[in-house]
Ligand SMILES: *Cc1c(COP(=O)(O)O)cnc(C)c1O
């Protein structure tokens, strides 16, 4: 039988013809017409002050960490249940990640545990919208305001999810998006930094352009460009931006398709939840269909189910090894409070295959295999 991969990169429309057009325009390096079109798209569609395309979400997080102006020993509060880049971006600045536990319902940072983690060295909070489900941003922004902290949303999984009528990534001082091939809207590798506080706009452009004021020079604001700050090369090539723009043109369809796959999984697996075999995620109409997962009763059941599905050519995945228990997490970070939810939930979570070209037969096959694992 045809294998069902966990993820499958896809082309939906004009990706290849827009790349050909970028080549024909003779501008392949960064910040050409397609990069600018993408930036405008984010500013208009998501409603952020300024969007800057980057070569990855990791790059956007690194830019945000530089913009936070962290000094060695400063602290940043974040969940341990996340991808390494959420922490690494700040560790690269010499800051200490302070890990707090997650909520058992959304698997997002537990907003009730943030204030006790704040010390005189705390500078920022980094909420991660896991599976595209919003963190409690109202509460988090209120805590940040009270303690004069910056908020960097890791919205890598959350593009086009909403929270109280706002797009995720546009609520904190900074929002970081990913277009890695495993995300909803893709360009292979890719990302964007959303800047929601105008104070940071000018410096963000400089950091992204290797620490030069090149962007101001091209706008005619200065008469020569030079080295003015620290920075790196964070721009994507026009080829990548052209590919991404073709996906942005069809973003609503892509999100709708992923949401329909989540809805189909939820309907078909509901009886297994009722029978007590698993807990299913709850998504509302504001979420972007990024992920569908099962929470099983134990690590042993998860291990057995993975083997059972793989034997039938179905490829689920699990993640993350919590950062506080990873070698670099222990070396560079510290925990605040217990990590009970993080430790137990991360062992029990299983992500099901979910990709744009997945059809009803594929979904039915995955669900039938899960049913037969539990029912026989
Ligand atoms: C995918 C992901 C990233 C990294 O994104 P890249 O574009 O691959 O750098 C960061 N944080 C989270 C939560 C992610 O899921």
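Values quoted throughout were computed directly from the atomic coordinates according to the rules given, and no laboratory measurement underlies them. Please read these numbers as outputs of a predicted model, since none were measured by experiment. Note: ideal-geometry Cβ built from the backbone for every residue, glycine included; neighbour counts use all protein chains shown.
Among 328, 369, which is touching a strand residue (DSSP E or B) at 6+ places or on another chain (Cβ under 7 Å), assigned to a helix (DSSP H, G or I) and in contact (Cβ under 8 Å) with a residue 60 or more places away in the chain? None of the other options fit; the residue is 369.
When residue 44 is tested against (1) over 30 Å from residue 164 (Cβ atoms); (2) surrounded by fewer than 13 Cβ atoms within 10 Å (Cβ to Cβ), exactly one condition is not met: (1). For residue 153, the conditions (1) near the ligand (Cβ under 9 Å from one of its atoms); (2) outside any loop (DSSP other than H, G, I, E, B); (3) within 14 Å of residue 130 (Cβ to Cβ) all hold with the exception of (1). Only residues that are over 30 Å from residue 224 (Cβ atoms), out of contact with any helix residue (DSSP H, G or I) (no Cβ under 8 Å at 6 or more places or on another chain), more than 16 Å from the ligand (Cβ to nearest atom) and outside any strand (DSSP E or B) were counted in region 158-206, giving 2.
Does residue 131 meet the test of being within 16 Å of the ligand (Cβ to nearest atom), in a helix (DSSP H, G or I) and either under 19 Å from the mean Cα position of the chain (by Cα) or surrounded by fewer than 19 Cβ atoms within 10 Å (Cβ to Cβ) (or both)?
Values: within 16 Å of the ligand (Cβ to nearest atom): yes; in a helix (DSSP H, G or I): yes; either under 19 Å from the mean Cα position of the chain (by Cα) or surrounded by fewer than 19 Cβ atoms within 10 Å (Cβ to Cβ) (or both): yes.
It is true that residue 131 is within 16 Å of the ligand (Cβ to nearest atom), in a helix (DSSP H, G or I) and either under 19 Å from the mean Cα position of the chain (by Cα) or surrounded by fewer than 19 Cβ atoms within 10 Å (Cβ to Cβ) (or both).
Residues in region 96-124 that are surrounded by 20 or more Cβ atoms within 10 Å (Cβ to Cβ) and touching a helix residue (DSSP H, G or I) at 6+ places or on another chain (Cβ under 6 Å): 9 in all.
Scanning region 272-300 for residues that are without any contact (Cβ under 8 Å) to a residue 12 or more places away in the chain and on the phi < 0 side of the Ramachandran plot gives 273, 274, 284, 285, 300.
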